Amino acid sequence: MSVKIAPSILASDFANLQKEIEMLNASETDYIHVDIMDGVFVPNISFGIPVTEAVKRHAKKPLDVHLMIVNPDQYLEAFKNAGAAIISVHYEACTHLHRTLQAIKQLGCKAGVALNPHTSVELLKDVINDIDLVCIMSVNPGFGGQKFIEQTYPKVKRLKEIILEHGASTEIEIDGGVNKDNAPLLRAAGADVLVAGSFVFNSPDPIQTIKTLKAIE
Ligand code: DX5
Ligand code: ZN
């Protein structure tokens with residue numbers, strides 16, 4: 001199966017959000033990545049539930065909601081109702097991760113776990129069969145346009161081994177600083193989904209850029 005591409009609308013033109021979503025609908029985008037930042041878990045505030053609902057009204061692709069917030073349990077239902085197909089919570093923000101994963105699934109969404117760069121993939125071994133998607137952060141969450149952290153490659157490889165060892169069907173997503181140079185290496189390491197914000201939206205022809213990423217073997 002080809003790699004999935006999840007453009008992050010954090011890098012889109014918020015004043016023309018409908019146009020940006022229509023561009024993604026017309027492209028080979030697999031998921032629309034929606035970055036929610038609360039100014040507490042991460043040192044930045046992005047947007048929240050009403051904007052997610054507005055995106056959903058135009059989106060023809062599933063919304064992949066990345067919650068960079070404390071107390072995510074409190075907002076799972078609101079994001080489900082806003083249109084999320086996948087909800088990812090941060091490992092570092094969840095005291096009872098197993099319970100949170102079940103709550104996401106009970107809402108009918110796919111359950112994701114995001115890991116900060118310092119968090120080891122080994123910590124997911126005991127819950128890997130409960131996780132639909134692991135989002136490996138390849139930058140410190142909070143901002144678009146940051147430099148890719150090279151230590152991501154061995155992390156992806158090790159997570160792929162863990163998934164295979166447990167017979168799990170978990171997807172591996174990479175988020176932060178993804179571009180055409182690191183994408184083939186990430187794919188070779190075992191990545192299933194590539195998030196790309198600035199690389200897509202700052203390019204002269206985003207539809208073609210998505211096509212280029214999607215064509216990676
Ligand atoms: C970072 C976000 C990312 C970010 C990716 O906190 O989770 O999704 O928008 O943007 P780029 O591709 O510009 O690093
Ligand atoms: Zn993200």
Discussion item. List pairs: first residue in the stretch 179-192 and on the phi < 0 side of the Ramachandran plot, second residue among the aromatic types (Phe, Trp, Tyr) anywhere in the structure, Cβ distance under 7 angstrom, at least six positions apart or on different chains.
Written reply: Asn179/Phe199; Asn182/Phe148; Leu185/Tyr153; Ala189/Tyr153
Item to complete: Run down Ile216, Ile174 and say which single residue is more than 16 Å from ligand 2 (Cβ to nearest atom) and touching a strand residue (DSSP E or B) at 6+ places or on another chain (Cβ under 9 Å).
Response: Ile216
Practice prompt. Tell me which residues, restricted to the stretch 194-213, are under 18 Å from Asp64 (Cβ atoms), part of a helix (DSSP H, G or I) and aliphatic (A, V, I, L, M).
Written response: Val200, Ile210, Leu213
Item to complete: Could you figure out which of (1) touching a residue at least 60 places away in the same chain (Cβ under 8 Å); (2) open to solvent by 70 Å² or more (accessible area, probe 1.4 Å) isn't true of Leu123?
Response: (1)
Discussion item. Any residue in the stretch 19-36 that is in contact (Cβ under 8 Å) with a residue 60 or more places away in the chain sitting within a Cβ distance under 6 Å of a residue that is within 16 Å of ligand 2 (Cβ to nearest atom) and among the acidic types (Asp, Glu)? List the pairs, counting only those 6 or more apart or interchain.
Written reply: Tyr31/Asp64; His33/Asp64
Worksheet, complete the sentence: Being at pLDDT 95 or above, open to solvent by less than 10 Å² (accessible area, probe 1.4 Å) and not in a helix (DSSP H, G or I) narrows Ile128, Ile136 down to just Ile136
Item to complete: Answer yes or no as to whether Lys214 is over 17 Å from the mean Cα position of the chain (by Cα), at pLDDT 95 or above, surrounded by fewer than 19 Cβ atoms within 10 Å (Cβ to Cβ) and within 16 Å of ligand 1 (Cβ to nearest atom).
Response: no
Discussion item. Being surrounded by fewer than 17 Cβ atoms within 10 Å (Cβ to Cβ), under 30 Å from Asp205 (Cβ atoms), without any contact (Cβ under 8 Å) to a residue 24 or more places away in the chain and not β-branched (Val, Ile, Thr) narrows it down to one residue among Glu150, Glu161; which is it?
Written reply: Glu150
Worksheet item: In the list Ala78, Ala111, Ala54, Ala85, which residue meets the criterion of being of a type in the set (Gly, Ala, Ser), surrounded by 14 or more Cβ atoms within 10 Å (Cβ to Cβ) and assigned to a helix (DSSP H, G or I)?
Response: Ala54
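Yes/no matrix, rows are residues, columns are (1) among the basic types (Lys, Arg); (2) away from ligand 1 (no atom under 15 Å from the Cβ); (3) free of Cβ contacts under 8 Å to residues at least 40 places away in the same chain:
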| position | (1), (2), (3) |
| --- | --- |
| Glu77 | no, yes, yes |
| Lys80 | yes, yes, yes |
| Gly83 | no, yes, yes |
| Tyr91 | no, no, yes |
| Cys94 | no, yes, yes |
| Asn116 | no, no, yes |
Worksheet item: Among the residues of the stretch 183-196, is there at least one that is open to solvent by 40 Å² or more (accessible area, probe 1.4 Å), over 17 Å from the mean Cα position of the chain (by Cα) and within 29 Å of Asn44 (Cα to Cα)?
Response: no
Item to complete: Assess whether Ile21 counts as being surrounded by 19 or more Cβ atoms within 10 Å (Cβ to Cβ) and within 16 Å of the chain's Cα centre (by Cα).
Response: no
Worksheet item: Where residues in the stretch 1-26 are in a loop (DSSP other than H, G, I, E, B) and under 17 Å from Asn179 (Cα atoms), which of them is farthest from ligand 2 (Cβ to nearest atom)?
Response: Ser2
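The values are calculated or read from the model by the stated rules, or taken from the named source; none is laboratory data. Keep in mind that this is a model prediction, so the values were computed, not measured. Cβ atoms come from the backbone with ideal geometry, glycine included; neighbour counts cover every protein chain shown. Only protein heavy atoms, including side chains, enter the accessible area calculation; ligands, DNA and RNA are left aside. Shrake-Rupley method; radii C 1.70, N 1.55, O 1.52, S 1.80 Å.
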